[in-house]
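Take a look at the structure set out below.
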Amino acid sequence: MKRSDVNVNDLSPMMAQYMEIKDQYPNELLFYRLGDFYELFFEDALIASKELELTLTGRAAGIKECVPMCGVPYHSVSSYIEKIVNKGYKVAMCEQLEDPRHTKGMVKRGVVNVISKGTIADLEMLDKFSESYIASLLIYKDVYILTLLDISTGRLISSSIPKDEEKLISQILHYGIKEIILKDNEEIALIDKIKNTYEIDVSFENQILEKVDESLFVNIIDARGKIGIAHLFYYLNKRELKSLEGIKPAKVININDYLEMDIHTIRNLELVETIRNKERVYSLIWLLDKCKTSMGSRKLKSWLLKPTRNIEILNQRYDMIEKLNEEFILKDQLRGFLNEIYDIERLTGKIING
């Protein structure tokens, strides 16, 4: 049975409420809170039962036939969301907005969060060694404007890339971008390569957010970079209901400031994963990474994938290394302090995202 086969006027009040909310999120799997469970109905239930290996049942809905239904307990929903999102689906979380104990009649419900590959903020679902970026890609005649945000840390990056498809793909893969937002689907071949060859989720959004905190633009010179940020923020704020608090001012990346390595070089050198098993273990980063915090591991990975060509920055790093090697007691104390620090970046991101 499909949703389209049902007359809403014949449904029970609860199912009529479900249909009204689901109509607003037709492309997402709606996890609909009922007591201690999140339930899915109709086509969503068929998809979830197959992908998550759940028992498909039926629910009385005021009509002759029971509608397809499956569900998961609220206390273990995170693992199910992680699994279904990593399979390329988006999830809309519909919560009870009132306490059922103090409400007469139907409990008010509404979607409070939309989760996709690029907008996961839960620590349990994230790789602690890697950033988790969602990106806006704006295509101009002479340049690609790539805007990235790791919503779990608030790190915002703006980059302009010469109109070279290979360079663009390399940058996308360097950052490990999970999801890309485009304005339209004009460059079909490029979109097809991003989506099907590299298995990156692609969405479309034509709007931009009118009011953006000006402090985020402090490093932006090219006006197109500001448009990229406003484009990404609209999708996050209006479509996925994400808070834009706690985001750091955009860091502008000029690809000419870094040693250029294409994705084949990175793979063949096994910088972050092995060729055979596609795993971190036995890669170069695995060998080098003695960091005491997840934040340090992510920073080290970013340096390894984008080696700077700035001699001043390099000399500063060498000076710090020399200092720590000379002051070995200080180094041991520092290592001990760092060992007690949690992943502050992502903990604060988790709080901000509710």
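For the range 62-107, trypsin sites (Lys or Arg not before Pro) are listed when DSSP marks them as loop and at most 11 other Cβ atoms sit within 10 Å of their Cβ; the list is Lys64, Lys87, Lys104. Annotation: the residues Val8, Val67, Val281, sorted from fewest to most other C-beta atoms within 10 Å of their own C-beta, follow the order Val281, Val8, Val67. Total lysine pairs in the range 37-133 at Cα distances under 19 Å, for residues eight or more apart or on different chains: 8.
Listing Asp44, Asp201, Asp319 from fewest to most neighbouring C-beta atoms within 10 Å gives Asp319, Asp201, Asp44. Classification of the range 3-115 by its C-alpha gyration tensor yields an oblate form. The axis ratio a/c (a ≥ b ≥ c) is 1.5 or more, and b/c is at least a/b. For the range 113-207, GluC sites (Glu not before Pro) meeting the loop criterion (DSSP other than H, G, I, E, B) and having at most 12 other Cβ atoms within 10 Å: Glu186, Glu199. In the chain, the calculated helix contribution to ellipticity at 222 nm averages -10000 deg cm²/dmol per residue, counting -39,500 (n - 2.57) for every DSSP H run with n ≥ 4. Highest mobility in the GNM of the chain, judged by mean-square fluctuation with C-alpha springs under 10 Å and restricted to Thr103, Thr293, Thr119, is found for Thr103. May I ask for the net charge around Val281, where only other residues with Cβ less than 13 Å from the Cβ of Val281 are counted and Lys, Arg are +1 while Asp, Glu are -1? That sum, taken over residues with Cβ under 13 Å, equals -1. What is the Cα centroid distance between the range 106-125 and the range 44-102, reported in whole angstrom? For the range 106-125 versus the range 44-102, the Cα centre distance is 13 Å.
For the pair the range 252-302 and the range 219-250, the centres of their Cα atoms are 27 angstrom apart. Note the angle between two axes, namely the Cα long axis of helix 311-326 and the longest principal axis of the Cα atoms of the chain, as a number of degrees from 0 to 90, rounded to the nearest 10. Compared with the principal axis, the helix lies near 80 degrees.
Based on every Cα atom in the chain, Rg and the maximum pairwise Cα distance Dmax equal 23.2, 80 Å.
Ordered by the number of other Cβ atoms lying within 10 Å of each residue's own Cβ, fewest first, Leu30, Leu284, Leu330 fall into the sequence Leu330, Leu284, Leu30.
Values quoted throughout were computed directly from the atomic coordinates according to the rules given, and no laboratory measurement underlies them. Remember, predicted model here, so these are calculated numbers, not experimental data. Backbone-built Cβ (ideal geometry, glycine too); neighbour counts: all protein chains shown.
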